[in-house]
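For reference, the structure is listed below as structure tokens.
The values are calculated or read from the model by the stated rules, or taken from the named source; none is laboratory data. Note that the structure is a prediction, hence the values are computed from the model and not measured. Positions of Cβ are generated from backbone atoms using ideal geometry, with glycine treated the same way; all protein chains shown enter the neighbour counts.
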Amino acid sequence: MSEKSPIPIGIELHRQSKTLDLKYPNNEQYTLSCEYLRVYSPSAEVRGHGEGQEKLQVGKINVTITAIQPVGNYAVQLTFSDGHDTGLYSWEYLYELCTYRQQYWDDYLKRLHDAGASRDPEVQVVRLGN
């Protein structure tokens, strides 16, 4: 992404559908799930401190956003229902999450599958055989 990523002109949290709507000045609109935002948190807890240190987030299908706080003129801090609140979502990173949503989501689902993990915290995946 470039430094010229647009800044949202509207952010709306929909608690019932567990989604966040982002509206941009160029008439682009995106809807991101709370789960997606949680599993792609920019925090060191999720991303690690370097290549290969990422931690796969599992069991986050029911997570919601409980608070949104602006951070200066460059980011928002999201607080999630599982207590996670350490990632700062810069405008650039949020726009990246919007524009690459399907690609990133597909990658996440593949990594979950490869790890034998589930989005649902109530489901335990057991692999038998090869």
Just one of the numbered conditions (1) of a type outside the set (Phe, Trp, Tyr); (2) within 13 Å of the chain's Cα centre (by Cα); (3) assigned to a helix (DSSP H, G or I); (4) farther than 22 Å from Asp114 by Cα is not true of Leu37; which one? (4)
I'm trying to understand the selection: among the residues of the range 89-116, which are under 13 Å from Pro42 (Cβ atoms) and of a type in the set (A, V, I, L, M)? Leu94, Leu97
Boolean, Arg111 is touching a Lys or Arg at 6+ places or on another chain (Cβ under 6 Å), of a type in the set (D, E, K, R) and part of a helix (DSSP H, G or I): no
The number of residues in the range 97-119 that are free of Cβ contacts under 8 Å to residues at least 60 places away in the same chain and either surrounded by 15 or more Cβ atoms within 10 Å (Cβ to Cβ) or in contact with a strand residue (DSSP E or B) (Cβ under 7 Å, 6 or more places away or on another chain) (or both) is 2
(1) closer than 29 Å to Ile9 by Cβ; (2) of a type in the set (D, E, K, R); (3) modelled with pLDDT under 95: which one isn't true of Glu54, the others all being true? (1)
Which of the residues spanning the range 14-28 are closer than 15 Å to Asn62 by Cα, in a strand (DSSP E or B) and not β-branched (Val, Ile, Thr)? His14, Leu20
Can you pull out every residue in the range 48-90 that is of a type in the set (Asp, Glu) and closer than 19 Å to Ser33 by Cα? Asp82, Asp85
Is at least one residue of the range 61-80 part of a loop (DSSP other than H, G, I, E, B), under 11 Å from the mean Cα position of the chain (by Cα) and among the aromatic types (Phe, Trp, Tyr)? no
Within the range 52-96, restricting attention to residues that are small (Gly, Ala, Ser) and within 20 Å of Asp21 (Cβ to Cβ), which residue is surrounded by the most Cβ atoms within 10 Å (Cβ to Cβ)? Gly87
Condition (residue is touching a residue at least 24 places away in the same chain (Cβ under 8 Å), touching a Pro at 6+ places or on another chain (Cβ under 8 Å), surrounded by 14 or more Cβ atoms within 10 Å (Cβ to Cβ) and closer than 24 Å to Glu12 by Cβ) applied to the range 28-38: is it met by at least one residue? no
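Every residue, every condition in (1) within 24 Å of Gln124 (Cα to Cα); (2) modelled with pLDDT of 95 or more, yes or no:
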{"position": "Leu20", "(1), (2)": "no, yes"}
{"position": "Asn26", "(1), (2)": "no, no"}
{"position": "Lys60", "(1), (2)": "yes, yes"}
{"position": "Tyr93", "(1), (2)": "no, yes"}
